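Worksheet for the structure shown next.
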Amino acid sequence: MKSFLSFLFILFATICVNADSSLYERGKELIEAKDYDKALKAFVLAANTGDLDAMTAVGIMYIGGWGVEQSDQLGLEYITKAAKQSHPKAQYSLGAIYYLGVGVPVDFDKAFSWLSLSAKQGYLDAQHNLAEMYETGKGVEKNLKKAYEYYLMAARNGNLDSQIQVAAMYRDGIGIEKNLEKSQYWLNQIEKSKQDSQ
């Protein structure tokens, strides 16, 4: 898995892209302006109205110590509350937290459970990380076929890291029958994804 700080940055950026409420929108604007204290206040107000994106954002801010004294416990409380309401980003966050042992003991069973819930809702990073768990056998019985299936799910929806894995699996015949034509197809998709992101 990616380093935790990278995870926090990417997750926080993702959360800040998908906002509905005006308080949440205001919090995003304040994050962009690097006014973390006011952003936290806006997110807390939105979270208190039941905004699950805001709850997750508050949790991440507490864990990262942005605009507030760092607190894994409070961060986990906010993220867990959103995750228990089936919020895929919060479920992914909890999976990563348990996988990496951030503020909690490493618990691969809980990581797998939360990542699975998020992946079932189509959250690409969760699908990719489940594939990694199946590929390495970390926290789950090693199963290259399932690893391929989860990588493919995420790859089809544009996850670049998963596209790279699928191309390699076809090239090397890992978890799936070797197929150089399909490997080349995914290499072409990778190039397209890179161009689209520029």
Legend entry - Those residues of the range 32-50 which are among the charged types (D, E, K, R) and either part of a helix (DSSP H, G or I) or modelled with pLDDT of 95 or more (or both), in sequence order: 32, 37, 38, 41
Legend entry - Every residue from the range 75-100 that is among the hydroxyl-bearing types (Ser, Thr, Tyr), buried (at least 24 other Cβ atoms within 10 Å of the Cβ) and farther than 24 Å from residue 136 by Cβ: 78
Inset, instruction - Sort out which residues of the range 72-112 are closer than 18 Å to residue 134 by Cβ and in contact with an Asp or Glu (Cβ under 7 Å, 6 or more places away or on another chain), and write them in order of number. - result: 92, 98
Legend entry - Candidates 72, 109, 53 - the one that is buried (at least 24 other Cβ atoms within 10 Å of the Cβ) and acidic (Asp, Glu): 53
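Could you tell me whether any residue of the range 176-184 is within 28 Å of residue 107 (Cβ to Cβ), over 19 Å from the mean Cα position of the chain (by Cα), in a helix (DSSP H, G or I) and not hydroxyl-bearing (Ser, Thr, Tyr)? Walk me through it before giving the result.
First pass over the range 176-184, keeping only residues within 28 Å of residue 107 (Cβ to Cβ): none.
No, every residue in the range 176-184 fails to be within 28 Å of residue 107 (Cβ to Cβ), over 19 Å from the mean Cα position of the chain (by Cα), in a helix (DSSP H, G or I) and not hydroxyl-bearing (Ser, Thr, Tyr).
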Legend entry - Lone qualifier among 130, 100, 152 - being of a type outside the set (Ser, Thr, Tyr) and outside the structural domain of residue 194 (by TED's automatic domain parsing): 100
Inset, instruction - Taking only the range 54-107 into account, find how many residues are free of Cβ contacts under 8 Å to residues at least 60 places away in the same chain, over 17 Å from residue 117 (Cβ atoms) and assigned to a helix (DSSP H, G or I). - result: 14
Inset, instruction - List every residue pair whose Cβ atoms sit under 6 Å apart, with the two residues 6 or more apart in sequence or on different chains, where the first one lies in the range 40-51 and is more than 15 Å from residue 62 (Cα to Cα) and the second, anywhere, is at pLDDT below 95 and of a type in the set (Ser, Thr, Tyr). - result: 46/21; 46/24; 51/21; 51/24
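The values are calculated or read from the model by the stated rules, or taken from the named source; none is laboratory data. This structure is a prediction, so every number in the text was calculated from the model and none was measured. Ideal geometry is used to build each Cβ from the backbone, glycine not excepted, and the neighbour counts take in all protein chains shown.
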